[in-house]
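The values are calculated or read from the model by the stated rules, or taken from the named source; none is laboratory data. Remember, it's a predicted structure, so these values are computed and weren't measured experimentally. Reconstructed Cβ throughout: ideal geometry from the backbone, glycine too, with neighbour counts over all protein chains shown.
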Amino acid sequence: QFPFGRRLPCDIYWHGVSFHDNNIFSGQVNKFPGMMETVRKITLSRAMRIMQDLFPLEYNFYPRSWILPEELPLFVAEVRMMKDNNPSWKPTFIVKPDGGCQGDGIYLIKDPSDIRLTGSIQSRPAVVQEYICKPLLVDKLKFDIRLYVLLKSLEPLEIYIAKDGLSRFCTEPYQEPTLKNLHQVFMHLTNYSLNIHSGNFIHSDSVNTGSKRTFSSILCRLSSRGADVKKLWSDIISLVIKTIIALTPELKVYYQSDIPAGKPGPTCFQILGFDILLMKNLKPVLLEVNANPSMRIEHEQELSPGVFENVPSRVDEEVKVAVIRDTLRLVDPQKKKKKDTHAALLCLYKTNLNFAEYGDFCFSFITELSPWQGLSSEPLPSVLLCRRCQSWEQAPGASEELPDAAPGPEAALPSLCLKQVFPKYARQFSYLRLVDRVAALFIRFLGVKGTTKLGPTGFRTFIRNCKLSNSNFSMAAVDILYIDITRRWNSMGIDHRESGMCLQAFVEAFFCLAQKKYKSRPLHEQVALLIELCECRLAALQGERLLWGCG
Ligand code: ADP
């Protein structure tokens with residue numbers, strides 16, 4: 001609680017909307033700066049497009065999308081070409097206004113010429129996306145999955161996924177889209193906020209029936225039909241990690257602008273809502289990411305005509321309470337303090353002391369606790385006993401998840417519903433983090449703290465310091481490249497707050513340079529080579545400067 005007039009800082013700030021709800025300078029806050037902007041439909045589509053250009057196979061879980069109005073001619077041309085190549089292809093597309101939510105303004109079309117251009121598309125840009133025509137059905141109904149993901153830290157990247165989520169059902173039996181049924185929202189859109197108005201919506205007290213169920217109940221059903229549920233989970237984890245990898249470069253630019261390195265500021269974490277659709281073949285498809293997923297655990301019930309009452313919703317409660325509880329457990333500042341203490345104790349332990357005093361804590365190292373042995377990868381005890389408060393603590397390096405039967409204060413709580421997936425699986429995905437490294441170069445040359453756009457001088461310094469200009473690529477050509485790309489991005493009218501080159505424009509310029517320098521290789525190789533070259537040259541320059549400093 002933060003009563004009006006309070007001066008003392010808090011450990012954890014729980015904002016309702018965004019990072020900027022309050023001015024804060026310390027502690028932890030449950031929102032990242034720029035998250036809302038980063039997950040908007042258009043920005044997300046752009047970020048996914050960059051990753052699809054680099055790694056088409058790895059990012060095929062995101063439907064092919066175009067941004068309106070700027071890509072309307074491209075959309076028309078690409079669809080015509082695909083239809084010419086495959087005359088039996090009868091696609092459907094879904095048009096979603098940017099910044100919309102709860103199904104607002106969404107409609108389906110069969111042909112690019114059906115886009116409603118009546119004024120609104122200019123004032124309200126949108127994403128048009130390939131419509132997934134063959135979703136997995138349960139009880140003949142289309143449904144989607146809402147999964148909760150905790151982004152615990154950006155640097156280093158730490159991601160947790162909730163073990164259970166929600167499945168939100170349509171309220172009319174599904175049929176593949178035809179001109180006749182395109183307008184039937186209760187058949188095609190799974191939004192709770194829409195379907196609640198259907199006479200067929202079923203509020204159920206059970207988690208495995210009705211119009212909103214737990215995802216685990218669906219998995220049980222699929223598993224009993226013989227589906228490979230383990231593979232499905234691993235595909236979902238991979239989708240989540242890859243999506244966050246696509247979002248982190250932009251988030252880092254916002255982060256350094258609001259919380260400049262070296263200045264006091266809060267650290268951030270955030271619960272995100274991932275909306276995922278399962279295709280008939282069980283392949284998960286990303287629909288969108290929500291920066292402010294609803295955490296309501298009640299629903300409205302009409303007692304008599306026009307008279308409503310809020311009643312608890314068991315399904316929501318089961319999933320959401322666990323997510324918030326465990327987020328707080330993971331970001332608990334007391335736990336963090338203890339973790340730091342453990343790190344110091346680890347040093348003492350390694351010097352062969354069998355107990356140690358450190359600050360407020362006094363620990364005995366217990367080595368013969370059989371059920372917990374083997375949790376730690378090091379030959380160390382997994383559990384430490386604090387002699388002062390007689391509580392059990394997890395040893396550093398042991399798994400984050402305590403066994404169910406853990407003694408001590410954690411024993412009163414259920415085991416964590418949030419499962420760490422990153423850095424746990426970091427090794428499998430680190431090759432995808434190329435744009436992150438491009439963003440690091442971008443941030444390095446931003447110069448003025450608090451900015452998110454690169455000026456012409458910053459761009460020139462980048463080219464000069466990385467020694468990318470030569471007889472084939474003069475500094476005049478560098479300026480032209482900067483002006484061309486920056487002007488085009490700024491004309492799209494996304495962010496008028498500052499002038500200059502935004503991150504996506506820089507990424508485009510960087511890809512251009514990479515293609516120029518390393519012709520006839522796949523794009524991701526070209527980009528990786530140029531990043532390495534830039535990083536190497538900057539490191540050498542830094543070395544030189546240090547030497548000069550010493551000299
Ligand atoms: P909103 O933020 O308005 O909810 P979404 O992108 O989540 O927008 O889309 C709304 C609903 O439309 C989704 O819950 C899903 O049922 C359906 N939908 C969205 N995109 C697709 C798609 N590409 N293919 C099939 N169904 C989709």
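Looking only at segment 1-26, how many residues end up being loosely packed, with under 15 Cβ neighbours inside 10 Å and closer than 21 Å to residue 272 by Cβ? Break it down stepwise before answering.
Keep residues of segment 1-26 that are loosely packed, with under 15 Cβ neighbours inside 10 Å, which gives 1-9, 11, 16-17, 20-23, 25-26.
Of the ones still in play, those that are also closer than 21 Å to residue 272 by Cβ are 16-17, 20-22.
Summing the residues that are loosely packed, with under 15 Cβ neighbours inside 10 Å and closer than 21 Å to residue 272 by Cβ in segment 1-26 gives 5.
For segment 87-105, give me the residue count where each residue is of a type outside the set (Gly, Ala, Ser) and away from the ligand (no atom under 16 Å from the Cβ).
We begin by selecting, within segment 87-105, every residue of a type outside the set (Gly, Ala, Ser); these are 87, 89-98, 101-102, 104.
Now drop any that are not away from the ligand (no atom under 16 Å from the Cβ), which leaves 87.
So the count comes out to 1.
Among the residues of segment 503-512, those identified as touching a helix residue (DSSP H, G or I) at 6+ places or on another chain (Cβ under 6 Å) and either surrounded by fewer than 19 Cβ atoms within 10 Å (Cβ to Cβ) or free of Cβ contacts under 8 Å to residues at least 60 places away in the same chain (or both) are 505, 508, 509.
Okay, residues lined up against (1) assigned by the TED database to the domain that holds residue 208; (2) out of contact with any Phe, Trp or Tyr (no Cβ under 8 Å at 6 or more places or on another chain); (3) in contact (Cβ under 8 Å) with a residue 12 or more places away in the chain:
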{"site": "293", "(1), (2), (3)": "yes, no, yes"}
{"site": "302", "(1), (2), (3)": "yes, no, no"}
{"site": "307", "(1), (2), (3)": "yes, yes, no"}
{"site": "319", "(1), (2), (3)": "yes, no, yes"}
{"site": "322", "(1), (2), (3)": "yes, yes, yes"}
{"site": "330", "(1), (2), (3)": "yes, no, yes"}
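When the helices (runs of 4 or more DSSP H) confined to segment 162-260 are screened for residues that are more than 23 Å from the chain's Cα centre (by Cα), more than 16 Å from the ligand (Cβ to nearest atom) and not acidic (Asp, Glu), those reaching at least 2 such residues are found at 215-224. Of all residues in segment 197-243, which are out of contact with any Phe, Trp or Tyr (no Cβ under 9 Å at 6 or more places or on another chain) and either surrounded by 20 or more Cβ atoms within 10 Å (Cβ to Cβ) or at pLDDT below 90 (or both)? Matches in segment 197-243: 199, 203, 204, 205, 206, 207, 208, 209, 214, 215.
Within the set 98, 53, the sole residue that is touching a Lys or Arg at 6+ places or on another chain (Cβ under 9 Å) and of a type in the set (D, E, K, R) turns out to be 98.
Going through (1) surrounded by fewer than 15 Cβ atoms within 10 Å (Cβ to Cβ); (2) modelled with pLDDT of 90 or more; (3) closer than 30 Å to residue 240 by Cα one by one, residue 422 falls short only on (1). Between 136, 108, the distinction of being in contact (Cβ under 8 Å) with a residue 40 or more places away in the chain, within 12 Å of the ligand (Cβ to nearest atom) and touching a helix residue (DSSP H, G or I) at 6+ places or on another chain (Cβ under 7 Å) belongs to 108 only. Scanning segment 64-104 for residues that are of a type in the set (Gly, Ala, Ser) and out of contact with any helix residue (DSSP H, G or I) (no Cβ under 8 Å at 6 or more places or on another chain) returns 77, 88. Do we have residue 84 as within 14 Å of the ligand (Cβ to nearest atom), modelled with pLDDT under 95 and over 17 Å from residue 131 (Cβ atoms) here? Criteria not met by residue 84. Looking at residue 520, is it over 30 Å from residue 69 (Cα atoms) and either among the polar types (S, T, N, Q) or not assigned by the TED database to the domain that holds residue 46 (or both)? Answer is yes for this residue.
What's the number of the only condition in (1) part of a loop (DSSP other than H, G, I, E, B); (2) within 16 Å of the ligand (Cβ to nearest atom) that residue 143 fails to meet? If we test residue 143 against (1) part of a loop (DSSP other than H, G, I, E, B); (2) within 16 Å of the ligand (Cβ to nearest atom), just (1) comes out false.
The set of residues in segment 278-312 that are assigned to a loop (DSSP other than H, G, I, E, B) and within 16 Å of the ligand (Cβ to nearest atom) comprises 280, 281, 282, 283, 291, 292, 293, 294, 296.
Quick check: anything in segment 490-504 modelled with pLDDT under 95, touching a His at 6+ places or on another chain (Cβ under 9 Å) and not assigned by the TED database to the domain that holds residue 43? Yes, segment 490-504 contains at least one residue that is modelled with pLDDT under 95, touching a His at 6+ places or on another chain (Cβ under 9 Å) and not assigned by the TED database to the domain that holds residue 43.
Identify all residues within segment 265-277 that are more than 11 Å from the ligand (Cβ to nearest atom) and not aromatic (Phe, Trp, Tyr); write none if there are none. I'd like the intermediate steps shown before the answer.
Step one: list which residues in segment 265-277 are more than 11 Å from the ligand (Cβ to nearest atom), which gives 265-272.
Once the filter is applied, which keeps residues that are more than 11 Å from the ligand (Cβ to nearest atom) and not aromatic (Phe, Trp, Tyr), segment 265-277 yields 265, 266, 267, 268, 270, 271, 272.
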